[in-house]
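**Q** Here you go, one structure.
The values are calculated or read from the model by the stated rules, or taken from the named source; none is laboratory data. Just so it is clear, the structure is predicted and the values come from calculations on it, not from any experiment. So basically every Cβ, Gly included, is an ideal-geometry build from the backbone, and we count neighbours across all protein chains shown.
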Amino acid sequence: MSQGVYGLMAEFGDVGELVTAARKAREAGYVHLDAYTPFPVEELDEALDLHHTRLPMLVLIGGIIGGLAGFGLQYWTTVIDYPINVGGRPLFSWPAFIPVTFECTILGAGLTAVLGMLGLNGLPQPYHPVFNVPRFALASRDRFFLCIEARDPKFDIDETWGFLSRLQPRQVSQVDA
Amino acid sequence: MSVLADSLQLAPGNPLRRFAPVALIVGAIALAACGFIATTAPRPVAQSYLAAFLFWSGIPIGSLAVLMLQHITGGAWGAIIRRILESATSTLPLIVVLFLPILFASGLLYEWARPEVVAHDPLLQHKSIYLNLPFFTVRAVVYFAAWMTLSYFLCRWSREQDGGKLRVQRRLENTSRGGLVAFGLTMSFASIDWAMSLEPHWFSTIYGILFIGGQVLSSLAFAILAAAALSTQAEVAEVMTPDRFQDLGKLLLAFVMLWAYFSFSQFLIIWAANLPEETPWYLRRLAGGWQWTILVIIILHFALPFVLLLSRGLKRNRRSLMAVAAVVLAMRTVDLSWLVIPAFDRDGGSFVASDPLAMIGVGGVWFFFFVRQLSRHPVLPLNDEALPELDEAGA
């Protein structure tokens, strides 16, 4: 492992080249790699094998907790804490609880989705080494980047440099840590 | 005809085509049996027939709505089921024929069509300006004329696009815009006429949209089943990818939720107001065995499809999505029976033989004509901008 190096980054001119490169890098045995694009690219999930996110399960749990909390709050206030007779209806009038329960489910799931996404992404992150590459600013415009990280067991600065060059990128640069 | 259009015809070995003659024969026998029972006990048969008509007519009518919706929104999800929707709406002339028995049996079905009942009911006399047989008939003619006109032109222009006429896309969009407004109005009134007026003292302002929501759900579930059957053909399967089935699965989930939302909204408002002129409708449907029916509806028409359709893997798998669509479609018949049959003061447990017979009879005959329509043109639209794979005119 080379000291002071975060990884090596290859720059591509279009999506197709990037997806092919990501696929080839995985086939070559690299596991710690990431792609940077100006817009979401669905094929990359599969090319980088990024299916296994825990976010859907977190959102489901958040939704269930939200729903139970909403229902529980209404039950507690109307039946236990402050029972009021409204037009002779039973205190536990569950049909009236449904809209609030539904909304609380959405609230719980929505908040978990946003906060969980940020948490799992490690955001907000004031410093990230990829920005040390001057041309990386183009990742938010019209360039596509593939970065093989130095923590990858197969990473070797010369060999990986050679590998990335063979993918015919526009440029390969070293990313300082 | 071009090679591409040839390869996209409904194949002779397609499950839909193999099943169609069986459906026709079984359907005809079931309808004949209904007719036979009707000679001794016409009233229950008329009731069963109305439920069956409302379910099966919902697929071609709902398909018209989905067809216009997909023309406006665009996208590959709509293009892959467009021919299925078009074939379904093209069966509307058959639906007109199937409507005639209801017209003839109106005295058996609708209180307001019985002069001896109206004579003792001031409210029905008051409503007779609207609820009378001649005006009922005229309205039905107007509804069918509107839907068939829309269906005729939308199908015709779509086929012109196959032939390489590319400027029709704009015309299809514009017609669909106005068409959806006309559809919403006509179908709301049709649901009031055909179903809500079974209990003429009762009214609900959400009824029309609840009914349309159910029809759209039926036609979407049916389109998923038909699309899955079509994708057994290799050329079609190239376009009907797991991504597309996922799109359709998402829409099915959305419409399952929309239907549940409409249904619950009606219930909540009537339950909360607790007014004597509104509650009897629900009291009839929550007693005498019907409370079990609604429990089954809540579980199998909402909860189960809702939970299952959340899964990404399930939506992308053709077989598992088919299974969910089949459950939803089957539950649509139960929901419509729950909506219609209690109006006749029949108990939930009192199934009569004509209930399943009419459902199978009308369905079998309808399905045969649906498949006949589907086999007349390529099963996927050519030259649609949403399906660049099938572009042969060089748009």
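**Q** On the basis of being in contact (Cβ under 8 Å) with a residue 60 or more places away in the chain, farther than 19 Å from B:Leu109 by Cα and not polar (S, T, N, Q), does B:Ala326 make the cut?
**A** In short, yes.
**Q** In this structure, is B:Ala11 aliphatic (A, V, I, L, M) and either crowded, with 21+ Cβ neighbours inside 10 Å or under 27 Å from B:Leu150 (Cβ atoms) (or both)?
**A** no
**Q** Filtering segment B:340-393 down to residues that are surrounded by fewer than 20 Cβ atoms within 10 Å (Cβ to Cβ) and among the hydroxyl-bearing types (Ser, Thr, Tyr), which residue is modelled with the highest pLDDT?
**A** Among residues in segment B:340-393 that are surrounded by fewer than 20 Cβ atoms within 10 Å (Cβ to Cβ) and among the hydroxyl-bearing types (Ser, Thr, Tyr), the one modelled with the highest pLDDT is B:Ser375.
**Q** Okay, next question. Go through segment A:41-86 and report how many residues are within 30 Å of A:Glu27 (Cβ to Cβ), within 14 Å of chain B (Cβ to nearest Cβ) and part of a helix (DSSP H, G or I).
**A** Residues that pass the stated criteria total 7.
**Q** Can you tell me which of A:Gly62, A:Gly66, A:Gly70, A:Gly13 is free of Cβ contacts under 8 Å to residues at least 40 places away in the same chain and either touching a His at 6+ places or on another chain (Cβ under 9 Å) or among the small types (Gly, Ala, Ser) (or both)?
**A** Unique residue meeting the criteria: A:Gly70.
**Q** Something else now. Quick one: is B:Gly62 at pLDDT 95 or above, within 26 Å of B:Met148 (Cα to Cα) and part of a helix (DSSP H, G or I)?
**A** yes
**Q** Restricting attention to segment B:117-126, does a residue exist that is small (Gly, Ala, Ser) and more than 12 Å from B:Trp194 (Cα to Cα)?
**A** Applying the first criterion (small (Gly, Ala, Ser)) to segment B:117-126 yields B:119.
Those still in the list that are more than 12 Å from B:Trp194 (Cα to Cα) too: B:119.
Taking every residue of segment B:117-126 in turn, at least one turns out to be small (Gly, Ala, Ser) and more than 12 Å from B:Trp194 (Cα to Cα).
**Q** Shifting gears a bit: Surrounded by fewer than 17 Cβ atoms within 10 Å (Cβ to Cβ), out of contact with any Pro (no Cβ under 8 Å at 6 or more places or on another chain), away from chain A (no Cβ under 14 Å) and within 24 Å of B:Arg83 (Cβ to Cβ): does that describe B:Ala228?
**A** no
**Q** Do you know which residues across segment A:21-40 are closer than 21 Å to A:Ser140 by Cα and crowded, with 16+ Cβ neighbours inside 10 Å?
**A** A:Ala21, A:Ala22, A:Leu33, A:Asp34, A:Ala35, A:Tyr36, A:Thr37
**Q** All but one of (1) touching a residue at least 40 places away in the same chain (Cβ under 8 Å); (2) surrounded by fewer than 19 Cβ atoms within 10 Å (Cβ to Cβ); (3) in a helix (DSSP H, G or I) hold for B:Leu300; which doesn't?
**A** Status for B:Leu300: all satisfied but (1).
**Q** Something else now. List the helices (runs of 4 or more DSSP H) inside segment B:85-186, counting only whole elements, that have at least 3 residues being more than 21 Å from the chain's Cα centre (by Cα).
**A** Per the criteria, B:106-109, B:115-118, B:122-127, B:133-162.
**Q** Given the residues B:Arg285, B:Arg319, B:Arg312, which is the only one that is over 21 Å from the mean Cα position of the chain (by Cα), over 17 Å from B:Trp338 (Cβ atoms) and away from chain A (no Cβ under 13 Å)?
**A** Numbers: B:Arg285 fails: over 17 Å from B:Trp338 (Cβ atoms); B:Arg312 fails: away from chain A (no Cβ under 13 Å).
Unique residue meeting the criteria: B:Arg319.
**Q** Checking B:Leu268 against (1) assigned to a helix (DSSP H, G or I); (2) loosely packed, with under 15 Cβ neighbours inside 10 Å; (3) more than 14 Å from chain A (Cβ to nearest Cβ), which single condition isn't satisfied?
**A** (3)
Let's see how each residue does on (1) at pLDDT below 95; (2) of a type in the set (Asp, Glu):
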site	(1), (2)
B:Glu199	yes, yes
B:Trp202	yes, no
B:Thr205	yes, no
B:Ala221	no, no
B:Leu225	no, no
B:Arg285	yes, no
B:Gly288	yes, no
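**Q** Here's something else I'd like to know. How many residues, within segment B:231-253, are within 14 Å of chain A (Cβ to nearest Cβ) and over 16 Å from B:Met322 (Cβ atoms)?
**A** 1
**Q** Would you be able to say whether some residue in segment B:19-40 is touching an Asp or Glu at 6+ places or on another chain (Cβ under 9 Å), in a helix (DSSP H, G or I), on the phi < 0 side of the Ramachandran plot and crowded, with 16+ Cβ neighbours inside 10 Å?
**A** no
**Q** Residues of segment B:174-211 being surrounded by fewer than 18 Cβ atoms within 10 Å (Cβ to Cβ) and β-branched (Val, Ile, Thr), which ones?
**A** Once the filter is applied, which keeps residues that are surrounded by fewer than 18 Cβ atoms within 10 Å (Cβ to Cβ) and β-branched (Val, Ile, Thr), segment B:174-211 yields B:Val181, B:Thr205, B:Ile206, B:Ile209.
**Q** Give the residues of segment A:87-101 that are facing chain B (nearest Cβ under 9 Å) and under 44 Å from the mean Cα position of the chain (by Cα), sorted by residue number.
**A** A:Ser93, A:Pro95, A:Ala96, A:Ile98, A:Pro99
**Q** Any residue at all in segment A:111-118 that's in contact with a helix residue (DSSP H, G or I) (Cβ under 8 Å, 6 or more places away or on another chain), farther than 30 Å from A:Arg26 by Cβ and surrounded by 13 or more Cβ atoms within 10 Å (Cβ to Cβ)?
**A** Among the residues of segment A:111-118, at least one is in contact with a helix residue (DSSP H, G or I) (Cβ under 8 Å, 6 or more places away or on another chain), farther than 30 Å from A:Arg26 by Cβ and surrounded by 13 or more Cβ atoms within 10 Å (Cβ to Cβ), which makes the answer yes.
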